[in-house]
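The values are calculated or read from the model by the stated rules, or taken from the named source; none is laboratory data. Please read these numbers as outputs of a predicted model, since none were measured by experiment. Cβ coordinates were reconstructed from backbone atoms using ideal geometry, including for glycine residues, and neighbour counts include every protein chain displayed. The protein model used for the area step is the full one, side chains on, heavy atoms only, and it has no ligands, DNA or RNA in it. Shrake-Rupley method; radii C 1.70, N 1.55, O 1.52, S 1.80 Å.
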4 protein chains.
Amino acid sequence: MEEFDYQEKLTQAEIRLTEFLAEQIRNSATYFGYPEIPQNNDLSILGISGLAKLHLNNAGDPSVHGNAKMHTKEFEKEVLDFVAKLYDLESYWGYITSGGTEGNLYGLYMGREYFTQKNKKPFFLFSSSSHYSIPKNAHLLNVDAFQVNCDGSGEMNYKNLTEKIKSINTKHKEYGLIINLNIGTTMTGAMDELSEIHNVLDELHIPKEDVYIHADAALMGFIYPFLSSKEDLFANGVSSIAISGHKFPGTIHPCGVLLANKSMHDATFQDANWIPYLEANDTTISGSRNGFLALNFWYIIQKKGVNGFKEEAMTCIENAQYLYNSLNEMNYPDVAYNADQLIVTFEKPCDEIVQKYQLATQGNKAHIVVMQHISKHKIDQFCTLLKSTSQNLELVKG
Amino acid sequence: MEEFDYQEKLTQAEIRLTEFLAEQIRNSATYFGYPEIPQNNDLSILGISGLAKLHLNNAGDPSVHGNAKMHTKEFEKEVLDFVAKLYDLESYWGYITSGGTEGNLYGLYMGREYFTQKNKKPFFLFSSSSHYSIPKNAHLLNVDAFQVNCDGSGEMNYKNLTEKIKSINTKHKEYGLIINLNIGTTMTGAMDELSEIHNVLDELHIPKEDVYIHADAALMGFIYPFLSSKEDLFANGVSSIAISGHKFPGTIHPCGVLLANKSMHDATFQDANWIPYLEANDTTISGSRNGFLALNFWYIIQKKGVNGFKEEAMTCIENAQYLYNSLNEMNYPDVAYNADQLIVTFEKPCDEIVQKYQLATQGNKAHIVVMQHISKHKIDQFCTLLKSTSQNLELVKG
Amino acid sequence: MEEFDYQEKLTQAEIRLTEFLAEQIRNSATYFGYPEIPQNNDLSILGISGLAKLHLNNAGDPSVHGNAKMHTKEFEKEVLDFVAKLYDLESYWGYITSGGTEGNLYGLYMGREYFTQKNKKPFFLFSSSSHYSIPKNAHLLNVDAFQVNCDGSGEMNYKNLTEKIKSINTKHKEYGLIINLNIGTTMTGAMDELSEIHNVLDELHIPKEDVYIHADAALMGFIYPFLSSKEDLFANGVSSIAISGHKFPGTIHPCGVLLANKSMHDATFQDANWIPYLEANDTTISGSRNGFLALNFWYIIQKKGVNGFKEEAMTCIENAQYLYNSLNEMNYPDVAYNADQLIVTFEKPCDEIVQKYQLATQGNKAHIVVMQHISKHKIDQFCTLLKSTSQNLELVKG
Amino acid sequence: MEEFDYQEKLTQAEIRLTEFLAEQIRNSATYFGYPEIPQNNDLSILGISGLAKLHLNNAGDPSVHGNAKMHTKEFEKEVLDFVAKLYDLESYWGYITSGGTEGNLYGLYMGREYFTQKNKKPFFLFSSSSHYSIPKNAHLLNVDAFQVNCDGSGEMNYKNLTEKIKSINTKHKEYGLIINLNIGTTMTGAMDELSEIHNVLDELHIPKEDVYIHADAALMGFIYPFLSSKEDLFANGVSSIAISGHKFPGTIHPCGVLLANKSMHDATFQDANWIPYLEANDTTISGSRNGFLALNFWYIIQKKGVNGFKEEAMTCIENAQYLYNSLNEMNYPDVAYNADQLIVTFEKPCDEIVQKYQLATQGNKAHIVVMQHISKHKIDQFCTLLKSTSQNLELVKG
C-alpha cells in the first residue's frame, strides 16, 4: 500500500510539474507587465549541463575562497569586473545578491554604517516614485527616512528635496545624508539627475563627506551606460549601485549585483568579521549565496558581451517608442513615455487585457515594460486587442 | 574579427563550464565539512524539465497571487503546509526565503516589530555558539543584543542567561526579550532546551507576553520533529522558526523556510503594506523571490515524504555515532559528539585532510557533518587516511 | 505576420511537446505489455549533460577511428568488452546496432556470407516462435528459410528440426545450415536448448563446419548468463548473438549489441571494405551510427555493473513467478509460465485492460513482461483490476 | 569495499563523461569534413524536457498505432507530410529510418521486390561516385549490380550507363532496372540528371514499367527543392527517395526519411505482414524504431519551417562558393566545385590540417562540406592556416 502511494504520488507529481510547465510556457508568451525576460533557453542549456544539480555556495566575501571548494567565486568576480567596467569604476567592492532588494538594502546599510562609525546620525532621502522596497529597507535598518515628492513624470522634485534637507539641517548638527538616486523608477522609468542633486547640495553648502548617494538601477543598470544622456555616476559622488540580474540581463533566476566604491567600503567596514568556520569574511547580507546564479550571469555575459547588451538596449528603447506612438495614434488615453527607457504608461485597460498580459497597475494607470521578448509584432497584436476592447467599452474618446 | 572572437569565446566559455563541472563532481565526493548534500540528481531532472528556464517570481506574500501568473505560490504553500504539519502548527504565516540567514533575520525583525509597536524596547539574547549571522542580523536591525555564554558542548548556559536578563531588568522597565533558541549549533550541533529557558523566565517572573522566542533550526529542522527528545516548540512559546532547504532536505540551491505563529504575525504586522504594483502584500524581506526554489522543495517533499525524511534522519544520526566511535577507537584526540544530531568534532587534522575533505575548522577544532551522502564506507576511508597521516605526524598519542 | 506565425507556432510546439510528455509519463506507469523499461531518469541526466546535443557518429568499424573525432568508439568498445565477458567470449568482433533486428540481420548475413564464400548454399532454420523480424530478415537477405514447429511452450520441436534438415539433405549436397537459437521467444520467453540441437546435428552426422548458429537473446541477453540452467554458448558452437540494449539493460533509446566469434568473422569478411572517406572499414550494416547510444549503454553498465544486472534479473524472475501464482490463485484461465524468465501468458482480458496496460496479444492470448519497473505491488493492482472486470464478464470460472 | 568501488567508479564515470563533453565541444568547433551540424542547442532543450528519458518506440508501420501508447507516430507522420510536400508528392508511403543507409537499403529492397513479384529479374545500376553503402546494400540484398562510370565532376557518365544497360539487355529478357540517382554525391556533391537518364532509357526503348529509380539525396534532400535547377522527381519516374535527418536538417542523432510513391509501394507490398504482437504491419526494415528521433525532426521543422530551410540552404551555397573563390585566389591546387551545392574539393593538405579540421579525404583529394556552422569567418581562418602551412611546404605554386 505504502509503495503504491509512493510510486503513484511521484507519477502524479511529475505530471503536475509537466502540466505546470505547459501552462507557464503559455503565460510567458504574454508576459508584458513586469521587467523580466520570461524565458531563456540558453540558460536551460547551462542548467542541464549538470551544474544545476550541484550545491555551489558562495558564502562570505566573494574575493575570499574558504575551505569549501564548491563555489563559483571566480565566475562571480568576472561578472563584477564586467559591471564595474561598464561604470568606469576601477576600484570596487561588490557581490552578487539574491535580487535588487538586497542590493538596495546593502547600499542603505553601508550608508548607515558609514555615518554611524563617524558618529553622524544618518538620514535617508528617497523619492515617492522609488521602488516599494526602499522605504521597507529603511524601516528594517531603523534609519530615519524622508520621502521627497516627484514631478508628474516620476522624477524627483529637486525643490522638495531642498526643503526636506533644510528641515533636517534645522534640527540636527552632526548628520549624514543618504540619498536614493533612481536610475529608472518602477512605474514610469523616470531617471533622477545626479547633477541636479549636486546643485541642491551645493546650494545648501552640504559638505561632500556628509553625503552618501546610492543608485537604484534595477532595470536600467545594463542600459544606462549606453545612453548619450548618462552621467558618470561614481566619478560624481555615487557610492553604491544595485542592479537586477533577472531583469535586463535575463538571468531568469532572481539575482542582482551590488557594487560600491572600494575606498568608501573599506572605510566603512574596517573590521569586517572574519569567520573561521568559513575561512572567509562575512561581508554580505545573505549567508549562503547560490553559486549557480553567478554561473548564469557569467554565461549571459559571455553570450552577449558589451555589444550584445548595447544592441538589445537600443532595440528595446526603439520598441518602447513604437508602443508609445502606436497608443497615441489610436488616441488611447493617458499615454506617457520618458525618453531613453523601456516603460510606457497608459490608462488601465479592461480586466481581460490586464489579466492576459499580466499588466502591473497603479491606481488608474497600467504600464508595459518593453523587454527583449516584446517585438513590434507583439506590440501590434496588443494594440489591436486593446483597440477592439476599448471600442466596445467606448473608452477611447475620438 | 568580431564574429570570430564571439564564436571562439563562446566555445571557450562552454568548455570552461564543462571542465568546471568535472572538477566539482570530483569535489563533491569529499565534501564533508558543511551541512549540505553536495549533489542531487533528482533535482537536475526537474531543472532540465524546462522549468529552470522560466522566470518564476513569487514576489510578495505567498498567499496572495497578483497579476503576474508566472509564479509557484501554490507549490510554496504546499511546502509550508508540510513543514507546519511537522511542527503541529495549525495556524501559521510563512514563506520560502533565500536561505537560513533571511529566516533568522525575519524572526528577529518580527520580534523587534512586535515589541516596538507595543512601545516596549526589544533586547536580543543569543548564545555564543549561535551562527555567525545571528549577531550580524541584530546589528543590521539595530537591536541591542546580548551574547550568552555556552557550556563546553555548545549548549546555552542557562545561569548566564539568567544573569544577562537580570542585568537588562535592572536598567529597563518597558522592554521585550527576543531569545534565539539554537536547535543545533553550527559547530557542535548542540541544542538549547526550551524548558530550561522557561525555567529561567519563570524564576525571574518575566511575563510570557514580554518574550519572543525564535528557533534557529537551519540544519536540524527536518530532523528534530523525529527525535524522542524533542519539545513541542510552538505549543511552548516559540513564535518563529527558520530552517534551511539546502541543508537536510537537499534542495541544492540555497533556500529556507520561515514559519511564524499566525496570530503573533497578524498582531505584529497589522497594516502590511499593500503594493498595487504587485497586487500583493509586501510581507517578505526579499522582493523578487525565486519560484524555482519552491518547485525544488516541493519535488523533494513528494519524493521523500515524512517517512523518507525520518529514515534519512535516523541513518545520519547512526552514521555520526559511527564516526564518533571510529575516531575514539583510534584514540584520536578531542573527539566530541552531542546525542541525536549529525556533527562530530575533533582535533583539527593536517592541512592535506582539511583541504581534501573541505573541513570547517574553528581554532584547533574541526568537524564533520554526517549528511546523507556520507556513508559508513566513506567514513572508513576518511578514518584510514586520518590514521595514516596522524601516525606520520605522531599526532595520535597511544 | 510572418514573425507572429513563427513565434506563436513555436510556443504551440513547445506546449504540445510538454503536454505530450505529461501524457507519456502517465502511460509509462502502466506499460506492461512489452519488454522495455519505459522511463529511466538516470539517462536523462546523461542526455542533459550536453552530450545529447552533439553529433557523435560511430560510422564504420568500432575498432577503427577515422579522421572525424566526434565519435564514442572507446565507450562502444568497453560495452562490447563487458558483454563478451558475460559470455566468456575471449576473442570477439561486434558492434552496437540500431536494435535487436539489425543484430539478427547481421547474424544471418554473416552466416550467409560464411557459406557463400565457401561455395556452399546457405539454408536458414528458425522456429515458428521466433520474432517476426527473423523471417523478414531471411527474405531481405534472399536466403532460403525453413520454419520449424514449436512445442506448446514455444520451444523448438527438435523432431521437426530433424525432419526439416533431412528434407534439405535429401535435395542438396554442398550446403550450410544457419540455425536461429531463441534465448527467450517474444511471446512466451521459451528458450531453445543448444544441446538438443547438437543432438539432432550429431544424429544426422552434419559436420560442425556446415553449421552456423545465431542466438537471438533480445530480452534475455543480460539475464541468461546468470541462470543456473545456462549453456556455454560460444564454447558450444554459437557463432553470433544479438541482444537489445533498450530491453533489459534499459538504454531507453533502441539499440543492441551484436557479438560474433572473431575467427569466424575474420574468415567470413576477409576483405572488409576499406572506405578512404571514413578512414575506417565499412563492416556494419548501418552507416552513420548514433554514438550517443554507446554513451547510454556505457553509463548504465557503470551504474549497474555485473552484480546490478544479476540482482535485477533475479528480482524480475521472482516477480514473474509471483504474477504467475497470483493469476493461478484467482483461477484465471490459460495461465502459463516458462521457468527462469520474465514473461507470463494468459487469456486475453477485456479491451479496457489491454488498453490501459498496453498488453501485447496474439490470438486469444496476452502476456506481461515483468520488467524492472513492475513491482509486486503493481502486479497486485493489475490482478485486482483483472479480477473485478473478469467477474463482471463472468470470464473466470470458479 | 563493494560500495566504495561502486561510488568511486560512478564518480569517475561522471567525470569521464564530462571531460569527454569538453573535448567534443572543442572538436565541434573545427568539424569541417563531414556533412553534419556538429552541435544543436535547440535540441538539447528537447532532450532535457524529459522526453529523452522515455522509451518511445515507433515499431511497425508509421500509420498504424498498436496497443503500446508510448510512441511518436503522430509526430513522425507530420515530418513525412512536410517532406512529401517539399517534393510535391501527394500520395506517399514512408517512415523515419535509422539513417541514410537504411533509406537507400529500403529503396533498393522495394525495387527488388517490385520486379521480383512481377517475375522480372532485378538489376541494379549505380554510379562509381555513389555512397559506399550503395554497393554494400546491393550485396546484402543479393541483387546483381553494375557500376556506371562517372565524369570528372562525379556526375554519372550517361554513355557508360547506355553501355551497361545494353549489356544487360543482350543477355536477359524479363528484367527490371533499378537505377540509383545521386542528388549530390558524397565526395563532390555532383547531381545526376534525371532527364539525361530518361534520354538514355528512351533511346534504348526501355519501357517505363521496367524501371525503378531511387534517389539518394542524403545531404541535399532539404536543399534540392529550393534550387532553380531542380527537376520534379516523383512526377518524372522517381519511385523512392532517401534523405538524412542529421545532415542538413540537423537532428544531431542519426536518422533519415524514406519516402516512396504510394501506388508503387502498395503494388509491391500487397500483403504486408500483419504482426498481431504489435497490432501493426511490419513494413519497415528496422523493428523497434526510436520515437525520440521523430520528436527531434518534428521540432526542427517547427523551428525552421520551409523558409528557414530555404534561407539556410542559400547561405550554405553562398559560403561554399566563397570557400571555392578563396582557395582559387590563393592558387591552391586542384580546387573544384559543382554549382548549387555545399562541397568544395581540393588537394589534400598537410596532416595537421586534416586532423584539426577532421577532413574527409580520398586519394590525393580532400573536401569541406560547408554546413550551417561554417561561417565566412571560419572559412577565412581555415584559409589563413592553409596558406601558412602550404607556404612552409612550398605546396602552393605561384
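Annotation for C:Asn307, label-to-label distances across the other copies: 2.6, 5.7, 6.0 nm (shortest first, one decimal, point 7 Å from Cα along Cα→Cβ).
Under a Gaussian network description of chain C, with springs only between Cα atoms under 10 Å, the residue in C:Ser167, C:Ser98, C:Ser127 that fluctuates furthest is C:Ser167.
Along chain C, the exposed loop sites are trypsin sites (Lys or Arg not before Pro) outside DSSP states H, G, I, E and B with at most 12 other Cβ atoms within 10 Å, and the longest stretch free of them is C:174-396. Taking 17 Å as the cut-off, the amide N atoms of region A:305-334 that come nearer than this to a point 7 Å along the Cα-to-beta-carbon line of A:Thr384 belong to A:323, A:326-327, A:330. What separates the A:Lys118 label point from its copies, with the point 7 Å along Cα to Cβ, is 3.9, 9.9, 9.9 nm, written shortest first. Shown for C:Glu231: label points 7 Å from Cα along the beta-carbon vector, and their distances to the equivalent points in the other copies, 5.6, 7.5, 9.3 nm in ascending order.
Projection of the Cα convex hull of region C:338-385, averaged over all directions and equal to a quarter of that hull's surface, yields 3.6 nm². Take the Cβ atoms of D:Glu19 and B:Lys173, set R0 to 56 Å, and the FRET efficiency comes out at 0.25.
Across the protein assembly as shown, the convex hull enclosing all Cα atoms gives 215 Å³ per residue.
Using a Gaussian network model of chain B in which every pair of alpha carbons under 10 angstrom is joined by a spring, one finds that among B:Gly363, B:Gly250, B:Gly189 the greatest mean-square fluctuation is at B:Gly363. A simple spin-label model places the labels of C:Lys118 and B:Glu90 8.7 nm from each other, with each point 7 Å out along Cα-to-Cβ. Couplings 3J(HN,Hα) for region D:106-122, derived from phi with the Karplus relation 6.51 cos²θ - 1.76 cosθ + 1.60 (θ = phi - 60°), are 5, x, 5, 4, 5, x, 4, 5, 4, 7, 4, 6, 9, 6, 10, 7, x Hz, where x marks Gly and Pro.
Residue ranking by accessible heavy-atom surface, 1.4 Å probe, largest first, among D:Asp232, A:Asp192 comes out as D:Asp232, A:Asp192. Taking all Cα pairs closer than 8 Å and separated by 6 or more residues, the relative contact order of region D:51-301 comes to 31 percent. Accessible surface comparison of A:Trp93, D:Trp274, probe 1.4 Å, protein chains only, largest first: the order is D:Trp274, A:Trp93. In a simple Cβ point-charge model (Lys, Arg +1; Asp, Glu -1; nothing else charged), the protein assembly as shown has a dipole of about 0 debye relative to its Cα centre. A simple spin-label model places the labels of B:His205 and B:Val64 4.3 nm from each other, with each point 7 Å out along Cα-to-Cβ. Counting only DSSP H runs of at least 4 residues, each contributing -39500 (n - 2.57), and dividing by the residue count of chain A, the helix-based mean residue ellipticity at 222 nm comes to -14000 deg cm²/dmol.
My understanding is that a pair violates if its Cα-Cα distance is over 22 Å; which of A:Lys77/B:Lys53; C:Lys69/C:Lys247; A:Lys378/C:Lys9; B:Lys53/C:Lys9; B:Lys230/B:Lys378; C:Lys136/D:Lys164 do that in this structure?
Numbers: A:Lys77/B:Lys53 24 Å; C:Lys69/C:Lys247 30 Å; A:Lys378/C:Lys9 14 Å; B:Lys53/C:Lys9 19 Å; B:Lys230/B:Lys378 29 Å; C:Lys136/D:Lys164 32 Å.
Pairs exceeding the cut-off: A:Lys77/B:Lys53; C:Lys69/C:Lys247; B:Lys230/B:Lys378; C:Lys136/D:Lys164.
Note down the magnitude of the dipole of region C:142-252 about its Cα centre, charges +1 on Lys and Arg C-beta and -1 on Asp and Glu C-beta and zero elsewhere, to the nearest 20 debye.
The calculation lands at about 220 debye.
By the rule of a C-alpha distance below 19 Å, with chain neighbours fewer than 8 residues away ignored, the aspartates and glutamates paired with A:Lys365 are A:Asp151, A:Glu155, A:Glu329, A:Asp334, A:Glu347, A:Asp351, A:Glu352, A:Glu394, B:Glu279. If the segment from C:Asn331 to C:Glu279 were pulled out straight at 0.36 nm per residue, it would be longer than the present Cα-Cα gap by 12.5 nm.
Taking GluC sites (Glu not before Pro) across region B:118-210, the ones in a DSSP loop with at most 15 further Cβ atoms lying within 10 angstrom of their Cβ are B:Glu174, B:Glu193. Mind telling me which of B:Gln372, B:Gln12, B:Gln341 comes out most flexible in a GNM of chain B, alpha-carbon contacts under 10 Å? Ranking B:Gln372, B:Gln12, B:Gln341 by mean-square fluctuation puts B:Gln12 first.
When only C-alpha pairs under 8 Å and at least 6 residues apart count, what is the relative contact order of region D:136-201, in percent?
On the way: 48 pairs, mean separation 19.9, N = 66.
Contact order relative to length: 30 percent.
With each label modelled as a point 7 angstrom along the Cα→C-beta vector, the C:Ser195-C:Lys262 pair spans 3.0 nm. Multiplying the residue separation of A:Lys230 and A:Asn149 by 0.36 nm and subtracting their alpha-carbon distance yields 26.9 nm.
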